[in-house]
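One structure is given here, and the rest of the page talks about it.
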Amino acid sequence: MRKYDMLACVAIIILGLGWFVAAEVVYDGSLMEDPFLRSGMLAQLYVPLATLYLVKSIRGEGRGTAIVAWLLSFLVFWGMTAVDVWVTHFKPNCDICCIPAEHCFMVESIAATIITLLASISDVVSLRLLVKIKHPLARQWFVRRALRLVGTVLLTVFSCVVTYWVLFVVLRMAWLLWAMIAQ
């Protein structure tokens, strides 16, 4: 089983990175871009997750492996984000960049850390929930992997929305408090 997991993850990583590179090469910085090629940027969402699963399929599901998997997933996501930010900001006719590249990269690095950390935690929770399913259909390789992936994605999206909402509220209250004190 683990051999198939590794093969699937490697195939997804190679395909995703190739599509991502192709999208970055042809992207001219404008919004008038071929949507199929521009959709290669979506590889930023699934290649780090495939990296997480690749490490776990090679090393197992231990706590130390989860930390290493998160770190590699973060580095892949961070690297892809860096490429996207720097390519986007330095294309000659870019019309979507209104903030300096350094600020954009800093914000995206913080987002990469939060997203990959939440994805790693969501994967562990999804796996623990999947173990509780006793239906015989859920014992098949493909069904288990699909349920784990769907659970991880849904938990990650939900936890990202909640985290960003909490951060927005906390930072907004801090800004309002600062504005009141400064007057």
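The values are calculated or read from the model by the stated rules, or taken from the named source; none is laboratory data. Please read these numbers as outputs of a predicted model, since none were measured by experiment. When we count neighbours, we look across all protein chains shown, and the Cβ atoms used for this are built from the backbone with ideal geometry, even at glycine.
Scanning the range 135-183 for residues that are surrounded by fewer than 11 Cβ atoms within 10 Å (Cβ to Cβ), among the aromatic types (Phe, Trp, Tyr) and under 23 Å from the mean Cα position of the chain (by Cα) yields 142, 165, 168. Number of residues in the range 155-183 that are in contact (Cβ under 8 Å) with a residue 24 or more places away in the chain and either within 30 Å of residue 8 (Cα to Cα) or touching a strand residue (DSSP E or B) at 6+ places or on another chain (Cβ under 7 Å) (or both): the value is 4. Among the residues of the range 58-69, the ones that are surrounded by fewer than 22 Cβ atoms within 10 Å (Cβ to Cβ) and either among the hydrophobic types (A, V, I, L, M, F, W, C) or closer than 20 Å to residue 147 by Cβ (or both) come to 6 in all. In summary, residue 89 fulfils each of the numbered conditions (1) more than 30 Å from residue 146 (Cβ to Cβ); (2) at pLDDT 90 or above with the single exception of condition (2).
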